[in-house]
Structures are given as structure tokens and as C-alpha cells.
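Read-outs throughout are calculated quantities, based only on the coordinates presented, and are distinct from any laboratory measurement. None of the values given here were measured: they were computed from a predicted structure. Cβ sites come from the backbone with ideal geometry, for glycine too, and all protein chains shown count toward neighbours.
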Amino acid sequence: MKKLYRSILSFVSVLALVFSFGTANAKVEGDTIVLGAAVSLTGKYSTNGEHTKNGYDLAVKRINDMGGVKVGGKSYKFKVIYYDDESNSKRAAQLAERLIKQDGVKYMLGPYSSGLTKAIAPVTEENKVPMVEANGASRSLFTKGYKYLFAVLSPANQYLEVAIDLAVEKNGGKPVRIAQAFEQDAFSQDVRIGVMEAAERTKSKIVIDDKLPKELNDMAATLAKVKAVKPDVLVVSGHSKGALTAIRQISEMKVDVPMLAMTHCDASKLAAQHGDKSEFALCASQWHKTLTYKDKFFGDGMKYDADFTKAYGYAPPYQAAESSAALLVYKDAFERANSFDTKKVRDALAKTEMQTFYGNIKFGSGGQNTAKPMVLFQVMCKSGKCENVVVAPTKWAAAELIHPIPPWSKR
Amino acid sequence: MDFLVFQIPALTAQAILDGVLLGILFALIAYGMALQWGVMNIINIAQGELVIMGGYIAYFMYQAGIHPAWGIFVSPVIMFFVGVIIYKLVINKVVDRDMFISILATFGISILMMQLMNFGFGSDVVVAQSDFGTTMLFNNSVTLPNSKIFSAVVSILCAIVLTIYMKKSKLGRAIRATAQNARAAKILGVDTEKVYASTFGINAALCGVAGALVAITFTLHPYVGLPYTVRSFMIVIVAGLGNLPGVAISGMSLGVFEEFADYLLGTEFRIATVFFLLVLILLYRRFKLAKKREYLK
């Protein structure tokens, strides 16, 4: 009995030893800084999950190739441990626990989507592990008082505010009549809050306010109302499905509206899938390759676009660009902290103020990026070839906004 | 409550026509469900996924440069075999069991199909362009996409062909015989196993046609099958089994009901009203059954 007891004891202590080594070494193994990320490689977010991972990977490779991260006079390389969260928020939270508790990861990168980021944030917060995320824009992430969460992207409520301001500006500064249709999910409802605030600020009137269920693939009723009520601007947000359904049915039902503003145009490959039917649609975007922000790793947006296309065979959507920016933020923070202590890295992150090819980055008290405005691009077509051209804010505009949208009878 | 729909006559007309056209397409999917429910006593939860898979066939034809409308011929052929394979692999093991087991089995198939489609075709939302144009009515105040009209016409034609086939062909008669009394049909020499396989195949083929129509009218992605399952289930519940005109009428009424619910209560209550109606009808059915006295002797 004593022998058995002794062997169990020694087994447990060996196990404890292995684990303690695991946690002590995992954050920095030799000359490698290990980051952890749960991204959606399967399930309904798998496409955007892949963009996220490709964005991370490209930046990791670039930073490592250009000398890595310098801490305490020594050069370190980045390495990311990925797990597939299956597009499932419960799974994402479990994997975050696993990355932190079992793999000993001390620095996290965000998953794809607001929903999954919301699931992971309490875990990283509880364990005091900094997380720089690039794909969770929901405003509620930044109102919970999280201290270890940093987002390089603009919060969701800013997505379509610019569009309302633009509509008012085009209306000679007078209030406009707004028709809006938003999916009932965290992200789209945050976009709706932004539009509502902009409407209040400009004294504009909401004439149609539809909430689209997640399963919906038919917007005919909303659009028929738009035809009858004739608003000055139609705002739609419902992820890729919402954008594609809206353009399909607007073109088929010949709905004439002076301004159409949407989200997820590039994620849904709107211009490629719908061609000139999507022409004149205004789309909110976190980033566009023609913006002139610069950094020493990727140069500018155009160079990033070329490098990404060369590496992965397709042009980077903004989901990839913002993911790459997250790594640049980490590198900057590690070097300023000049330490691997999570508390010091967190404090350095909070003081971030830098420019990347993706935009300026400075974190507000809730962790959101306050230094980068959203941009609006308009789909413009020339002899059958459609392109996204930035039209607002004026500082970045590459072309004049076409307003009002010509009626279908003349298109 | 927003009564805009009744204040503008063009909106009322638009709502009714949209509802009818939508309903006819749903009726086609429901007909397949009613058929195999009636014959095999199986509620197929994977109905919507069969539709979406059929839609992807049309989408891939579109990608290859073929007009997606041709999918209404290609899709059912491929989907028939998919249906037969699913039957041989899973359904034949649950066909004479408890209905609950068949629901579980088809639920499993539905999840598997979603994941396989996601794995094979990606999770992007896709559309196939038919470029059929638009029909304008009443001085352009009512606009009907021709793709929806095309869907309705094809669905009606499909239903007619299937009704004739069921009445006249040998297999059709065997299917009807099996639906009435499987044991008696077996004794009289009907190969019920073959009948079951064909029925499931025919259902999948109908879903294939519907899928091709969905591809040119709505959007496709691997996880969008459920609304089609729910609506066809609802239509079958209202119409009863083996009642084709009933399925058609119930489909169209449901379509119109949904459209009006959308206008009156708001888009967010659209699906909720469908479920509410389902509960009401089930309660009514129960009430009617309770009135009919039956004694066990």
C-alpha cells in the first residue's frame, strides 16, 4: 500500500513539474514569444476566420524576417498557437482557457467576430492576459470596463454614421429621411445605434426601422415600403447575407433611392457577385488599400495589398489588414515595455500611439481604437468592371461621391 | 402596428403577389416532405439542407458559365441519387421505428450535410444571377422579379408532372399502395424497400429543383436550410398528408400571411408569427380530435 501511495505521489509530482515548466516557459520559449489565438477555421465564420489567420501569419512572418521583437537587447521571434473554435462561442471560451491554463500562453490575439470576442474577453480578463483583437467591433465590448482588451478597429456604431452625415451634407445641411433595416445580432444592432445617434444629432427622421431576423433571406417587404415611402437614404446591415440580398432585391424590384449605405460589401464580394447591379452602393470599411497610412513593415496599403495577394492568392479584405495590424501593435508594446511581464505589456499597450499601414492606433479607456475613422467607399463600374473607390471622409477620398443614385430606368 | 400596407393599394397588391409567389416555391418543398412523411412516416429535418445542396449544384453550373436556370434539370437528377444514398446508409435503418428516432436520425443528417457543404463549398454567401429582369405592373408601382415568377411556374409544372406520375406510372401506384398499407403492399408483391428508396429519392429530387430556384431567387450558404424545413413542416401540418391541392393552398396562404405579418408587425415578427400559427393550428387539431369520440374495445 505504501509502495502504491509512493508511486502515485511521485507520478503526481512529475506531472506537476512538467506543468510548472510548461507555464513558466510557454510565454517565451528561448527566443520565441508565443501568442495564442482561437480562430474559426471551420463553421460559418470559416472564410473570415481564414482571412484573420492569414493576416496574423503574414505579419508574424514580416516582423520575424525584419529582425523580430527587441526586448532587453535581445531579438525575439513571434509564434502563434492556433486552435479552431468551430465558429462557436462556447468552444472559443474553452480554447482560450486551454491556451492560457494548459499551453501557458500569456498574450492573446482575438478571434473573428464580435460574438466570439465577447466569449473570450471574460477569460483573458480574469487571467489578466492581454488580448489585442482585430475583429470584434461590437460597442458592448468596450463598455464593460475590460482592462486587458485592446481593439485595433473602430467600434461598430461608427460604421454608418459617416453615411448619415454625408446624406445631410448632400441635402444642403438639412435633415434627411432615413429608412433602415438591420439584422438582429450584436454587431448590426450596434451599427443601428450609431445611425440613430447620427439621426438625432442631425435632426433627421427615421421613416422605416426594420429588424431583420437572422434566418431571413427575403427583404421584399422592407423594399416595397421603401418604394412607397421614398426616403433620402436607405441603410442596410446584415452581414454578407444582408448585403447580397439587398442588392439582389433592390435591382430586381427596381427600388430607386438617392443613397444606399451598407456594411460587409467586401466580405461578401459584392461587386464581384452582383457586378454593375451593386454600382453606387456606399459601403463602410475599416480599411482600404488606397489610404495613405504608412509603416516600416508593410510600407503602405497598396504594398500590403500586393504582398498579401502574392502570399495567399487573393486581395486582402479589411479583416486581414486589421489582423496584421494587431501584430504590429504587439511588437511596438513589447519593445516599449522592454519586458515580458503581462502587467507591463498591458500598460504599454494602453499607451500605444502609432501609425500602421492600416491606420493610426490609439486606445481609448474601453480598449477601442479612437484614432482611426471609418471610411466609406462607393462601388463604381466602368465598362462592366466594378471597383470600390473611397469617397469619404474627404481627406482620403479618391473620387467624388456620385449622388443621387440614378434611377433604374436610366441605368 | 403599422397599417401602411392597407393605406397604399400598390403595397397591398405587392404583398399578396410576393406572398403567393413565395408560397408556391415553399409548397414544392413541402410536397416532397408530405410525400415521404406519408409513405415512410418520417419527418425529414434535413429537408432544408437538401434544398441548399440542390441550390449549390445550380450555383456551380453558373460558375462554370452555364445559366443557373438549367439547374432545374441537372440538380434533381444528382439529388435523386443523393437521396437514394442517404436512404441506403441511414433512413432504411430507422424507417419502421419510432418517429422520434427518425427525427433524431434526420437531424443528424442535417448537421452532417451543413458541415460537409461548409467544408466543400466554403462558408461564403453566394448568389447565382439569372438576369431574368423584372415585370412591372400598375404603372410600375408593383414590381415582380421574373426569377420569382419563373420559380412559381416551374414549381407548378413540377407538381402537375408528379401528380400524373403518381397516378399513371407503376412506381407511382406502388408508392401510393405502400403509403396506404405497407404490409398489404408487400404481400401483394410490391418491393417496399425499393419504393422507400425511390420515395426518398423523389423527395430529394424535388428539393433539388427547389434549390436551383432558391439559387436564382435568394441567397445560398451552408447554414440557411432551416427556414425551408420549418416552413415546409408548417405547410404539411396545415394541409395534412397526401393532399396536394391542400399543400398548394396552404403554401400560398402561408406566404401571404407571412408577408402581411411582416408589414403589420414588423420584419422581426415574421418567423415568430409562423410559429404562432403552427401552435394555433395544432391546438385546433387537438380540439377537433377531442370532439371525435373513440373507444378502445
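When the Cα gyration tensor is reduced to axis lengths a ≥ b ≥ c, the ratio a/c is 1.5 or higher for chain A, and with a/b above b/c it is classed as prolate. When the inverse distances between all different Cα atoms of the range B:4-258 are averaged and flipped, the Kirkwood radius reads 18.6 angstrom.
If R0 is 51 Å, what FRET efficiency do you get for B:F257 and A:K303 from their C-beta distance, rounded to 0.05? About 0.35, to the nearest 0.05.
Under Stokes-Einstein, with the Kirkwood radius over Cα pairs as Rh, the value for the protein assembly as shown at 25 °C and 0.890 mPa s is 88 µm²/s. Note the count of lysine pairs whose C-alpha atoms are less than 25 angstrom apart in the range A:200-264, limited to pairs 8 or more residues apart or on different chains. So the count of such lysine pairs works out to 24.
Just checking the output field for B:8-14: average partner chain Cβ neighbours within 10 Å of each residue's Cβ?
Per residue, the average neighbour count from other chains is 3.
Which entries of A:K79/A:K372; A:K106/A:K147; A:K144/A:K331 have Cα-Cα distances beyond 24 Å here?
Working: A:K79/A:K372 28 Å; A:K106/A:K147 15 Å; A:K144/A:K331 26 Å.
From A:K79/A:K372; A:K106/A:K147; A:K144/A:K331, over 24 Å: A:K79/A:K372; A:K144/A:K331.
Between A:K70 and A:D295, the distance separating the two model label sites (each 7 Å from Cα on the Cα→Cβ line) works out to 1.7 nm. Evaluated with a Cβ-only charge set (Lys, Arg +1; Asp, Glu -1), the range B:4-258 carries a dipole of roughly 900 debye about its Cα centre, given to the nearest 20. Between amide H atoms placed 1.01 Å from N, distances below 5 Å from A:A392 occur with A:L376, all of them 5 or more places distant or on a separate chain.
About the Cα centre of the protein assembly as shown, what is the dipole size in debye to 20, counting +1 per Lys and Arg Cβ and -1 per Asp and Glu Cβ, all else neutral?
Numbers: 78 positive and 57 negative charges, 344 e Å.
In total the dipole reaches around 1660 debye.
Sequence-distant contacts, meaning Cα pairs under 8 Å at least 6 residues apart, place the relative contact order of chain A at 17 percent.
Averaged over the residues of peptide A:245-256, the number of Cβ atoms from other protein chains lying within 10 Å of each residue's Cβ is 4.
Annotation: amide H-H contacts under 5 Å for A:Y107 (H modelled 1.01 Å from N, sequence separation of 5 or more, or interchain): A:G36.
What shape does the range A:156-288 take by its C-alpha gyration tensor, where a ≥ b ≥ c are the square roots of the eigenvalues and a/c under 1.5 counts as rounded, a/b above b/c as prolate, and the rest as oblate? Judged from the Cα gyration tensor, the range A:156-288 comes out rounded (a/c under 1.5). Could you compute the net charge surrounding A:Q378? Neighbours are other residues with a C-beta less than 10 Å from the C-beta of A:Q378; K and R count +1, D and E count -1. In short, -3.
Estimated purely from DSSP H runs of n ≥ 4, each contributing -39500 (n - 2.57), the mean residue ellipticity at 222 nm for the protein assembly as shown is -17500 deg cm²/dmol once divided by its residues. Compactness of the range B:16-93 is given as radius of gyration and Dmax, 14.3, 43 Å, from Cα positions.
Using Cα atoms only, what is the angle between the long axis of helix A:239-252 and the major principal axis of chain A, expressed in degrees (0 to 90) to the nearest 10? For helix A:239-252, the angle is close to 20 degrees. Remark: the range B:269-284, residue by residue, has Karplus-estimated 3J(HN,Hα) of 9, 4, 5, 4, 5, 4, 5, 4, 4, 4, 4, 4, 5, 5, 5, 4 Hz, where x stands for each Gly or Pro and the curve is 6.51 cos²θ - 1.76 cosθ + 1.60 at θ = phi - 60°.
The modelled label-to-label distance between A:K61 and A:K79, using points 7 Å beyond Cα along the C-beta direction, is 1.8 nm.
Rounded to the nearest whole Hz, the Karplus-based 3J(HN,Hα) values (6.51 cos²θ - 1.76 cosθ + 1.60, θ = phi - 60°) of the range B:148-162 follow the sequence 6, 5, 4, 4, 5, 5, 4, 4, 5, 4, 4, 5, 5, 4, 5, with x at glycine and proline.
Going by the alpha-carbon gyration tensor, a ≥ b ≥ c the square roots of its eigenvalues, is the range B:196-297 rounded (a/c under 1.5) or, if a/c is not under 1.5, prolate (a/b greater than b/c) versus oblate? Because a/c hits 1.5 or more and a/b fails to exceed b/c, the range B:196-297 counts as oblate. Pick from A:V207, A:V195, A:V236: which residue has the top mean-square fluctuation in a GNM of chain A where Cα pairs under 10 Å get a spring? Sorting by GNM fluctuation, first place goes to A:V207. Rounded to whole numbers, the Karplus 3J(HN,Hα) couplings from phi for the range B:55-68 are x, 5, 4, 4, 5, 5, 5, 4, 4, 7, x, 9, 4, x Hz, using 6.51 cos²θ - 1.76 cosθ + 1.60 with θ = phi - 60°, and x at Gly and Pro.
Within the listed set A:K310, A:K230, A:K269, the Gaussian network model of chain A (springs between alpha-carbon atoms below 10 Å) gives the highest mean-square fluctuation for A:K310. If you restrict to DSSP beta bridges whose two residues both lie in the protein assembly as shown, what percentage is antiparallel, to the nearest 5? In the protein assembly as shown, approximately 45 percent of DSSP beta bridges are antiparallel ones. Run the lone-cysteine check on the protein assembly as shown: no other Cys C-beta under 4.7 Å from the residue's C-beta. Here B:C158, B:C207 come out as lacking a disulfide-compatible partner, given the Cβ-Cβ threshold of under 4.7 Å. Mean separation of Cα pairs under 8 Å and 6 or more residues apart, divided by the residue count, gives the range B:4-258 a relative contact order of 45 percent. Less than 5 angstrom separates the built amide H of A:V71 from those of A:Y76, all sequence-distant by 5 or more or on a different chain. What is the helix-to-structure angle for A:186-201, meaning the angle in degrees between its Cα long axis and the longest Cα principal axis of chain A, kept from 0 to 90 and rounded to the nearest 10? In chain A, helix A:186-201 runs at an angle near 50 degrees to the longest axis.
Just checking the output field for B:126-138: average partner chain Cβ neighbours within 10 Å of each residue's Cβ? Write down the numbers at each step before the final one.
Values: counts 5, 8, 1, 6, 1, 3, 1, 2, 5, 0, 2, 0, 0.
So the per-residue partner count for this stretch is 3.
Lys-Lys pairs in the range B:4-258 that are eight or more residues apart or on separate chains and whose Cα atoms lie under 30 Å of each other come to 18. Take every DSSP beta bridge whose two residues both sit in chain A; close to 40 percent of them are antiparallel.
Springs between Cα atoms under 10 Å define the GNM used for chain B, and in it the highest mean-square fluctuation of B:A34, B:A215, B:A184 occurs at B:A184.
For the range A:236-265, the residues whose backbone nitrogen is under 17 Å from a point 7 Å from the Cα of A:E169, taken along Cα to Cβ, are A:259-262.
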